[in-house]
Amino acid sequence: MKTIITIGRQYGSGGREIGQKLAKAYDIPYYDKELLKVAAKESGLCEELFENFDERPTTSFLYSLVMDPYALGYNASSFDLPLNHKVFLAAFDAIKAIADQGPCVIVGRCADYALSDYKNTLHVFVHGNTEDKLERITKVYGVPQDKAKDFMIKTDKQRASYYNYYTSKKWGDIKSYDLSVNTSHFGIDGAVLLIQKAIELREKN
């Protein structure tokens, strides 16, 4: 197994669980929120910054203005780019550094774009039918039923905006991925098997 797996996902589709199962099956590292810690450590920036801007391009710049820049690890020469761009580029570099270490699973954070020049990758997009996603959001994530749909729409809108803003590609567009999997049709375990088969075929070529 030498493939780096990136997973884009609709909220509630089970992309995170699929990523975790793949990482366990192949005994390789898994990165989701963990990526933020790596990016913070590598860049010297405050981890809270990465959490604040995580997959949210439209976050208010008031946050960055009221924070003490020197406490965040910045110096005067660091202000040639907006803070959200600095954070994105640090995450971008962290994704490449992680991929350079070998096979792994990376969920979200425009990883497919960051690793577009890497040959040993499989870029997957996980989606599902609305009813199934809402059921998962309420049962697995514990979101109240009356708020689940709004939360789903808002989260996906944030992810799409973040991806479209930084990559000049379109989130969820099949051209951005090698494989698109509907968990409403195949289930979580079925999706894992499909991705494993795709990896097997890819590594033969």
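The values are calculated or read from the model by the stated rules, or taken from the named source; none is laboratory data. Note that the structure is predicted; figures quoted are calculated from it, not measured. Note: ideal-geometry Cβ built from the backbone for every residue, glycine included; neighbour counts use all protein chains shown. We work out accessible area using only protein heavy atoms, side chains counted, and drop any ligands, DNA or RNA first. Shrake-Rupley method; radii C 1.70, N 1.55, O 1.52, S 1.80 Å.
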Practice task
Mind checking the per residue accessible area of region 108-175 for me, 1.4 Å probe, whole number of Å²?
Solution key: 57 Å²
Problem - With DNA, RNA and ligands ignored, accessible area of L134 (1.4 Å probe; Å², nearest 10) - result: 40 Å²
Handout entry: FRET efficiency, 1/(1 + (r/R0)^6) with R0 22 Å, evaluated for Q196 and T130 via beta carbons
Key = 0.25
Fill in the blank from the handout: For Y141 and S168, extending 7 Å from Cα along the Cα-Cβ vector and measuring point to point gives, in nm, a value of 3.1 nm
Problem - Gyration tensor (alpha-carbon) shape descriptor, region 144-200, a/c threshold 1.5 - result: oblate
Practice task
Would you tell me the accessible area of F151, worked out with a 1.4 angstrom probe on the heavy atoms of the protein chains, in Å² to the nearest 10?
Solution key: 100 Å²
